[in-house]
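Working notes, beginning with the structure itself.
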Amino acid sequence: MASSEILPGDDSPFGGGGSADGGPAVLRIILGGRMRRLREERGISREDAGEAIRGSHSKISRLELGRVGFRQRDLIDLLTFYQVTDPDQVAEFTELARGASASGWWHRDTDWLPKWFDTYLGLEQAARLIRCYEPRAVPELLQTADYARALLTLAHPDESDEAIDRRVALRMRRQDILTKPDPPHLWVIVEETALCRPIGGSTVWRAQLDHLVRIAARPQITMQVLADHVGGPTLADGAFTVLRFAENDLPDIVYLQQLTSALYLDKLADLDVYLRVANVLSVHAPPPEYTIGLLEALRERLPRTVDRPADTVTTQPGSASTDMP
């Protein structure tokens, strides 16, 4: 599939129907956005809204951004304060709040998952387009279990085998979105250097390349390999992911992972910068129809090596995806 530019707010060729099935994080954002619009339509300040629920303006801000969920009492009090009295409309809001307080399929891992990543999982599950640039390793949604295990072992050397297995299982479960009915479109641009790192040893690495050859043929996956001389890391200064949703209540979001936290950017100015970079990278990378041939050539041109265990593979500092489970 040929690449094309995607601009903030325009109609995506990858859009379509569907509902917000990404769990509570997505529903919190939708509910918060609707409540914010109600407040603004009534000309009510955050301070006054906070007083109506015995809280502060900062609490209203957190609720409207979807960072925390609404308690039923607070929701009803705010709806009353905003003069929403129609029973059907009130029921719609309360049902949305009920769904926002439910748990995603990953709830069993909340004992070790950071809160900021719990939010990303919900957004990833609901996205209609996932567009990412990865300069360091194979993108996580395209990793094999053995490659992921080797990478996570490097990133978390002090964790037990059981803990690493849980991280691997979560990463593999995330990939189910690629085979579900009406899957999202995944568009990845990966650096050639990232594909040349024999993470896990030569056997694991070659099996990973074979997997990429197979998965790149899927119609909902667009994969481009960026040659080293283009200088992608200079343009992008690190990996990023752009998420687009079918729901009008959800803006496009840029996700930036850091070592101990993450950033979620949805301002138009930020989106414009990252999408412009993504478009430049996609133009300089060979078109997607060349990707399978490039992967096969990459696999064959490098000499076969004696296999090595994952803990003997060395990488450049910061070369591996480190913290995302």
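The values are calculated or read from the model by the stated rules, or taken from the named source; none is laboratory data. This one's a predicted model, so the numbers in the text were calculated from it and none came from an experiment. Cβ atoms come from the backbone with ideal geometry, glycine included; neighbour counts cover every protein chain shown. To get the accessible areas, we keep the full protein, side chains included, count just its heavy atoms, and leave off ligands, DNA and RNA. Shrake-Rupley method; radii C 1.70, N 1.55, O 1.52, S 1.80 Å.
For the stretch 153-254, the relative contact order comes to 23 percent (Cα pairs under 8 Å, sequence separation of at least 6).
With an a/c value of 1.5 or above and a/b larger than b/c for the gyration tensor axes a ≥ b ≥ c computed over the alpha-carbon atoms, the stretch 176-220 is described as prolate. Using the Cβ-Cβ distance between Lys180 and Asp48 with R0 set to 41 Å, the FRET efficiency from 1/(1 + (r/R0)^6) comes to roughly 0.40. Only Lys, Arg, Asp and Glu carry charge here, each on its Cβ (+1 for the first two, -1 for the last two); on that basis the chain has a dipole of about 280 debye about its Cα centre. In the chain, the calculated helix contribution to ellipticity at 222 nm averages -13500 deg cm²/dmol per residue, counting -39,500 (n - 2.57) for every DSSP H run with n ≥ 4. Can you give me the C-alpha center-to-center distance between the stretch 60-98 and the stretch 221-246, rounded to a whole angstrom? If we compute the Cα centre of each part, the gap is 39 Å. Overall, the accessible surface of the chain at a probe of 1.4 angstrom is composed of carbon and sulfur to the extent of 52 percent.
For the stretch 215-262, the square roots a ≥ b ≥ c of the C-alpha gyration tensor eigenvalues yield an a/c of 1.5 or more together with a/b not exceeding b/c, which makes the shape oblate.
Remark on Trp187: its backbone amide H falls under 5 Å from those of Ile130, Arg131, Cys132, Thr222, a criterion applied only to residues 5 or more positions apart or on other chains, H modelled at 1.01 Å from N. Bridge orientation summary for the chain: considering DSSP beta bridges with both residues in this region, about 50 percent are antiparallel.
Shape analysis of the stretch 31-103 places it in the oblate category; the axes a ≥ b ≥ c from the Cα gyration tensor give an a/c of at least 1.5, with a/b not above b/c. This structure gives Rg and Dmax of the Cα atoms in Å, computed directly, and of (1) 24.2, 87; (2) 20.6, 70; (3) 21.7, 72 that value is listed as (3). Ordering Ala169, Leu295, Val225 by Cα displacement along the dipole of the chain toward the positive end leaves Ala169 in first place; charges were set at the Cβ atoms of Lys, Arg (+1) and Asp, Glu (-1).
Candidate cross-link partners of Lys115 among the lysines, defined by an alpha-carbon separation under 25 Å and a same-chain spacing of 8 or more, comprise Lys59, Lys267.
In the full protein context, the chain carries 48 Å² of accessible surface per residue, based on a 1.4 Å probe and ignoring ligands, DNA and RNA.
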